[in-house]
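Below are the structure tokens for one structure; questions will follow.
Computed from the coordinates by the stated procedures, all read-outs in this text should not be read as laboratory data. Everything quoted here is computed from the prediction, not taken from an experiment.
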């Protein structure tokens, strides 16, 4: 088994601030993802990475940057926090493409004041 | 346009009943359909999945019924327990894709 660790668990930022969310996995998975979860809207893909140093944009990438410097870690940066950015950000990983099991972390809850 | 649609935001059943959660999709190229279960404060976890070559997948009390022609599927939870109370997400992807498309979720409450 393995685990996905997201830090911090809770993040409070100011409007306009640049904020970074971190994720580590010890599954030794090649693929990592960042999803955003809004109440009543399901999960939407922000960025994914199929290997170290690879970055691919999802449907919701505008306003975000990502970085995959190591196989085990994937970070997400909110480039300029907006009031409507209050959401839970979920990191995930899988051994291959999306038709294999995707494992999720517990999330980072972002609040912008 | 929502590619994966879950018709009910919430569903309440009594303990022992069968809960039925429905899902439909737009893209006929989708060929893999997992259901994820999420408890409060946790990330989603894979519950059961089906590929489009099958019309039924069973795992204990959980069964997926899949209708390719109608582009819909349902998750049946037999003998529902209060511990099954959670949010259930239907998702879909296609071979060769890295994207898993999620529905908006159904919050299931099982009353004791």
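Whole angstrom only: what separates the Cα centroid of segment B:60-112 from the Cα centroid of segment A:63-113?
With segment B:60-112 and segment A:63-113 each reduced to a Cα centre, they are spaced 23 Å.
Same structure again: Just A:42, A:13, A:63 to compare: in a GNM of chain A, with alpha carbon springs under 10 Å, which one fluctuates most?
Per the Cα network of chain A with a 10 Å cutoff, A:42 tops the list.
Tell me the volume per residue, in Å³, of the convex hull enclosing the alpha carbons of the protein assembly as shown.
Considering the Cα atoms of the protein assembly as shown, their hull volume per residue is 120 Å³.
Let me ask something else. Identify which of A:57, A:70, A:41 has the largest mean-square fluctuation in a Gaussian network model of chain A, with springs joining Cα atoms closer than 10 Å.
For chain A, modelled as a Gaussian network with Cα springs under 10 Å, the answer is A:41.
A follow-up question, please. Among B:98, B:14, B:35, which one moves the most in a GNM of chain B with springs linking Cα atoms closer than 10 Å?
It is B:98.
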